[in-house]
1. Per the 1.4 Å probe, what fraction of the accessible area of the range B:55-119, in percent, lies on carbon and sulfur atoms?
2. What percent antiparallel are the DSSP beta bridges of the range B:261-453, to the nearest 5?
3. How would you order A:42-50, B:153-161 from highest to lowest mean count of nearby Cβ atoms within 10 Å?
4. Within 10 Å of each Cβ of B:326-335, how many other protein chain Cβ atoms are there on average?
5. Can you give me the distance in nm between label points at residue A:243 and residue B:411, each placed 7 Å from the Cα along the Cα-to-Cβ direction?
6. Relative to the longest principal axis of chain B, what angle (0 to 90°, nearest 10) does the C-alpha long axis of helix B:399-408 take?
7. Going by accessible area, probe 1.4 Å, with all protein chains left in place, what is the ranking of A:41, A:312, largest first?
8. On a 1.4 Å probe surface of the protein chains, which of A:23, A:218 comes out largest in accessible area, and what is the full order?
Amino acid sequence: MDAQAIFQAAEKSKLLGDPYVSKVWETVNDPSLFERSPDYLMELRKGLFRESLQFFARHSRHYAELFERLSIAPSDAELGDLAKLAVPSDILRGEGQKPLLIDDVEPGGEYFKSSGTSGKEPVKVYRSPLDLAVMIKANTDLFEYVYGRHLEEGKGVALFMAAPELRYRLSFVAFVQLALERKDIELIYGMDLLEGAENGVPWQKLEPNRDRILKFLKSGEEPKLFFTAPAGVYLMAKQFDEMGLFKKLGYRLASGAPPVRLGRGGLVVTGGGTKGFSDLPPYPDIVELSAKHFVAGGRNEARSPAPFMDVLGMTETLTALIDRYGAMDKVPHPLSEVFLLDPKTFKPVREEGKQGIVGIFNPFTTSWLEVFYPGDLMVAKRSSRYYGREFSFVRRLTTDEGWDLQRACGGSMEEMMRGK
Amino acid sequence: MSSGTNPLVFGRHAEVVKKQLDGHEVSELSEASVWELLAEGRSVQLELSKRPVEERLEVIDRVGRLWKERLDSGKLDGSIDSLSRAAGYGRKLSLMEFSLVPFVLNGANIRRNLDASFPNLEGLVRFSRVAPGEYCRYMPVGPVFIISSGNSLIPPLIPTVLSLATGNFTLLRPSMANYSAVADVFSLVGELAGTSDTARLMSQAIALSYFTHDSPTLRALLSRGDLGLVNFWGGEPARTTVGKLILENPFHPRYLVNGPMTGFVVVDGASADGTVAQKLATNIVLYDQQLCSSPTQGAFIGRWEAAKAFAETLGEELAKVGSDYEMKMGEGAIFTLQSVRRILRFGGSEVYSSDDPRNMWTLVLSKKSSGLDDAVSSFPSFNLYNRKRFLEMVVVDTPAEALAQVEGLRFRKAFGGVDRVQTVGLAAKGPQKDELVEGLASSGVYRVTPVADMYMRSSAEPFDGVNLAAALTYTIHSRDVPVLPEGAS
């Protein structure tokens, strides 16, 4: 489905007949949402939380029973109750989301999967057409807020260091393509997905497509938006940094880069985590290195290092948290409730600067009660912006899969336990 | 006291191979040394098997007494700390284990075990009459090679002591974690070598060496060594790897496996009192449930409300007992545990728990069937080896349903890698108890005990369904009368 088809299907959604869903749809489309005060938005989210619990109790026996079991009365639930309701993302691996979908979940949507770079079975999440429409609208609004300007229709070009096939697998890729499609901005995919088999075992790998990358580099359109995993921009900047003079001249002759001129409003957007690269430098170092080789600014303007935005999105969240390096830490959509849990007790963490396991509740997702925690440690700090708080990613918790304790009577021989 | 993994051999020189393992220097016997030991071991065990059983038991008993003296005088304090660090158990638990050593080495206790294993102990020394004109003698099956891969002190001592008592030359391969403590015990045999001929023979009949899993010597020993029996304590993948090598061995040693097992507790409403709760809490805390007898799953026969009341009492006891034995949990393990508790709650189970990282106990009540398998599907690392102070009790109406829980355990995802239920701790009364005991007889379990001390063994009881002492011998039958009556043809 393209963006237009998604919105057409969403508008026909039977669920819009439900007062809660229609209210959510209207609220998501409220143009003043990002201008509201933190207190106003918190009250709004609290109200939506209560109404959402009532909606899910009406549409799913599973949730009706769950609320009863957890002694949560939907009509006077508090946001603190989210700590009790959040599910670990690991239960969404494989077919884990199925029992959590409402009884009358709308067909015709799409499934997204996590990349699988963690080595576990991927998280798999269903999105109805209405969910997808909210995903496009809410993420675009959030992106534009952090970007600090609107994406103008039909203007600019984007390069995504991903393969087009990933549009139907990874939610980050889908959101970028659909948002740009809606704005009629050309998107170029910089990678090809190669598939094969060795000894009967299938494999897939991504390889850069030189011609398409050159097309982006040589394009006269502006702004140029460069979407990539942190590893993508780092490796490219490192390559430029280590080029000899003659090679650099030759490359510049062929592509116009380095530096990569992204034009007025040009931007580097990172997202998607480390993608299996274990030796990446810290993010600030990546930005510092890249600043020399990616520049923004119009033809008659002074050129400056391109701004960097980072998207913290997961398959299981409909909207992301986005930051702009040096300007603001990660902010969520105004309707998303982001909360932190104490890593030991799983009780809510309210203190500023204290690390906690991040949890997210998205009241605008109506196929399942989207309240979960992926296992990332974050910290919050006070902010004068609409949300009242900004968040920084600290690290992903590591869960030891090994046998950290040998059995008393006998386990296996020690060295054979490793890698279990 | 001994240190590292230096091989322990008495009365002769042994060549050692040094290698690096994870930054530690590991020493093991060379292949040439092992062949010499096995060759000499055969003649040592021939001599030892002629010695009176009482003399053999006296040597072992003296080792136990010597150990107690050293323990009481504080000379083993360093060893206790070292085992605690290596195994991950708290010091108090390691101290308790050290104090149990004299019971394992107690001559009278071993004698009771031998009595339960053989019709006549005289047969361990000479031919003994079993019927008119018929005689039996129980000869050492060895040389015996014991691979004891656990991390506690007591389990490697049990088969080794019985192997020595039955006259076998015994080569023991402890684990990296318990090597030092086990070597401390058997070094005392060496100290007593000069006190009697029997003590000297027994010191020559024992050798300890660590072998890495990829050791060429270990491979040679298992696939070509002139062994009579290999006793492996532990699970996969080592069990199968060792078994395959033994199948190649031209001397066809017996392969006796003590595989991974676990404990199950059954409590009925009439017995669910504070004493049972207190004793059950102790069994849950000891060794963080890593014994083959540790209760890791349970069934409660009775009403839901009664089960809840029992769980509350048990929770209070776990808070008390557990605070005496501090546990260690990393952030990843806590994250997994908290997530699992949540999954269980969402699935309809009642969860009682502590958030104190030094004593994170969890009690789960589930109606009719377990919810744990679903949680383990989402968190495979929450396997039996990583579940600590965690007990789920399935609340059922009848003994038959409780028995079905016991029988079904070995097929469950949450108990992957476990052969079966070894021990059932039973707290039941009246006809219900009789029905349970009778049903358990055919359920595949090896032990039925009171809940109070599931972790303790009676000196007379078999090991995992086998009279271990008997398995460490072979029986020669001699007859000087014909079986056929005179005149028959």
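1. 52 percent
2. Bridges in the range B:261-453 that DSSP calls antiparallel: roughly 10 percent.
3. So the peptides A:42-50, B:153-161, ranked by packing, come out B:153-161, A:42-50.
4. Going residue by residue through B:326-335 and averaging, the value is 5.
5. So the two model labels end up 6.5 nm from each other.
6. Helix B:399-408 sits at roughly 60 degrees to that axis.
7. Descending accessible area places them as A:312, A:41.
8. Result, largest first: A:218, A:23.
The values are calculated or read from the model by the stated rules, or taken from the named source; none is laboratory data. What you see is a predicted model; the values in this text were computed from it and never measured. Virtual Cβ from ideal backbone geometry, glycine too; neighbours counted across all protein chains shown. Heavy atoms of the whole protein, side chains included, go into the accessibility calculation; ligands, DNA and RNA do not. Shrake-Rupley method; radii C 1.70, N 1.55, O 1.52, S 1.80 Å.
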